[in-house]
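The values are calculated or read from the model by the stated rules, or taken from the named source; none is laboratory data. Quick caveat: nothing in here was measured; it's all calculated off a predicted structure. Cβ placement follows ideal geometry from the backbone for every residue including glycine, while neighbour counts extend to all protein chains displayed.
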Amino acid sequence: MDTYSPDELYATIAEELFVSRNRSRATGGRNNIRARGDGPEQAVRKLVGSLVGGLYRVTHGHVVRADGMKSGQMDLIVVKDVPAATMHKADDGETELVRVEWVAAVGEVKASWWDHGNVLTSYRRIVEDMETLQKGRLIANRFRFGTMSDEATLAEMTRPITGREWNNRCYNFLIALGQGDCKVKQLEADLRANGIAPNNASVLILDDDEPATLCIPARMGGNGVELGVAAEVNLASEDAAKTMSWTTLQEEGLEPIVSSARLLHYFVTDLQLHLGTWYDEYSNAGHYAKLGPVLRHRHAREAPSGRC
């Protein structure tokens, strides 16, 4: 049986991301910030798109809600690949609108951490946008998951939503292809100070000259510290009082490309775990319990009592 090296594989992927960044810098020039960011955004979207599987697709644009609310521009959106997810399918280069009910993850991509305060402000904006879009009860839809009646309206027939309270939280992340002005030692404190809570949110900084950095949610579990999505997936209802916190991963003593490879691999695995436990059934909370103990813990408030 043959073997392979995850470090070598992800080092190659990281190098491709750096090449896309450098090419955009060269073609965009010093003053064209938009052009300098296009290459890294496209490269990260291509990478994530190759890893999300057949259930999802990757796009960019705005996330919208049925009541007319709309997010700011999102560099990367992972959306369930179903017809109901698309509010407006754009031509190449245009902005796409996708419905929030089907969005599993959104990401911000930076060519580098060029300004500490501005990057954190930009990241806070996408986190706040998604939290706002997911607040409150969704509009009732009697037609889609009920029986046809004279009371059903055309709007209800076209909205893939119900009266169930929201529970499929979005995975928010930021990827920077260069440490730049980032103050790594105070990154956790600065995330908290900017109101960015460690709930399904991650910051990944890859660099070809400095050690890579991954700032990720964590909590103390039964087997020690649990990181990333695992910290939430394994959160049983009786542990709800235990709070999540930020932790920073950074391996010293490695070549920068190896450091980037390892933390990129970790981040991708964490995102895939989120997508593997994200669920989109809005009608019957009992369906959660049928998906096994991982989903019962992840959606403890929704799952019915008793065995399944």
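Can you confirm whether F173 is crowded, with 21+ Cβ neighbours inside 10 Å and either in a strand (DSSP E or B) or at pLDDT below 55 (or both)?
Yes.
For the stretch 180-207, what are the residues that are assigned to a loop (DSSP other than H, G, I, E, B) and buried (at least 20 other Cβ atoms within 10 Å of the Cβ)?
Selection gives C182, I196, P198, N200, L206, D207.
Given the residues V82, V64, which is the only one that is under 18 Å from the mean Cα position of the chain (by Cα) and of a type in the set (A, V, I, L, M, F, W, C)? Let's see the steps before the verdict.
Working: V82 fails: under 18 Å from the mean Cα position of the chain (by Cα).
On inspection, the qualifying residue turns out to be V64.
Identify the residue in the stretch 105-132 that is small (G, A, S) and buried (at least 22 other Cβ atoms within 10 Å of the Cβ) and, among all such residues, is farthest from the chain's Cα centre (by Cα). Reasoning before the result, please.
Restricting attention to the stretch 105-132, the residues satisfying the condition of being small (G, A, S) are 105, 107, 111-112, 117, 122.
After this cut, where a residue has to be buried (at least 22 other Cβ atoms within 10 Å of the Cβ) as well, the list is 105, 107, 111.
Details: A105: 3, G107: 6, A111: 18 Å.
Checked the stretch 105-132; the qualifying residue farthest from the chain's Cα centre (by Cα) is A111.
Please work out which residue is farthest from R125 (Cα to Cα), limiting yourself to the stretch 46-80 and to residues that are among the polar types (S, T, N, Q) and surrounded by fewer than 17 Cβ atoms within 10 Å (Cβ to Cβ).
S50
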